[in-house]
1. Residues that are within 10 Å of the ligand (Cβ to nearest atom), in contact with a strand residue (DSSP E or B) (Cβ under 9 Å, 6 or more places away or on another chain) and of a type in the set (Gly, Ala, Ser): does region 84-97 have at least one?
2. Where in region 1-96 are there strands (runs of 3 or more DSSP E), lying wholly inside it, with at least 2 residues that are of a type in the set (Val, Ile, Thr) and at negative phi?
3. Among the residues of region 1-20, write down those that are closer than 11 Å to Asp90 by Cβ and touching a residue at least 40 places away in the same chain (Cβ under 8 Å).
4. Pairs only if they're at least six apart or on different chains, beta carbon under 6 angstrom, first in region 45-59 and within 16 Å of the ligand (Cβ to nearest atom), second part of a loop (DSSP other than H, G, I, E, B); list them, first residue then second.
5. Which residues, counting only those in region 24-37, are near the ligand (Cβ under 10 Å from one of its atoms) and surrounded by 17 or more Cβ atoms within 10 Å (Cβ to Cβ)?
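Every number in this text was worked out from the coordinates using simple rules, so none of it is lab data. For clarity, every value in this text was computed on a predicted model and none was experimentally measured. For neighbour counting, all protein chains shown are included, and Cβ atoms are generated from backbone atoms with ideal geometry for every residue, glycine included.
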Amino acid sequence: MPTVTFQVGEQLFSEAVADNTNLVVRAGIKKFPHPHLKAKCGMGKCGTCACRILAGAENLPAPNWKEEKVLGPRIAAGWRLCCQLWLNHDLSLTQDR
Ligand code: FES
């Protein structure tokens, strides 16, 4: 089970989640990281769920075409779309700029 740590400002929220968890789906059913995660479409279109990976990026798959289209050069700075990620390893992330 991966442990996800979500940083909001100075606060850290951490929880173990089931393998293959999508954080936007989870937030949609009012589970962690609800209400801290900003998300909207859940389809890789709006960019609202953009997050900066603080640790664990090496375990994520390469960004898909939706992430490349929405995030562009921010990918090189460690940004991903939460709605496009299914987690199987520990991850630390933030939506702070
Ligand atoms: S929620 Fe819209 S792109 Fe992820």
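1. Of region 84-97, the ones within 10 Å of the ligand (Cβ to nearest atom) are 84-85.
From what is left, the residues that are in contact with a strand residue (DSSP E or B) (Cβ under 9 Å, 6 or more places away or on another chain) are 85.
Applying the additional criterion that residues be of a type in the set (Gly, Ala, Ser) yields none.
No, every residue in region 84-97 fails to be within 10 Å of the ligand (Cβ to nearest atom), in contact with a strand residue (DSSP E or B) (Cβ under 9 Å, 6 or more places away or on another chain) and of a type in the set (Gly, Ala, Ser).
2. Numbers: elements: 3-8, 11-16, 50-55, 79-81, 91-94.
Once the strands (runs of 3 or more DSSP E) in region 1-96 are filtered for at least 2 residues that are of a type in the set (Val, Ile, Thr) and at negative phi, what remains is 3-8.
3. Let us first name the residues in region 1-20 that are closer than 11 Å to Asp90 by Cβ, namely 1-5, 14, 16-17.
Answer for region 1-20, where residues must be closer than 11 Å to Asp90 by Cβ and touching a residue at least 40 places away in the same chain (Cβ under 8 Å): Pro2, Thr3, Val4, Thr5, Val17.
4. As it stands, the answer is Cys46/Lys40; Thr48/Lys38; Thr48/Ala39; Thr48/Lys40; Cys49/Ala39; Cys51/Gln95; Arg52/Gly78; Ile53/Gly78, since those pairs meet every condition given.
5. Passing the criteria: Val24, Ala27, Leu37.
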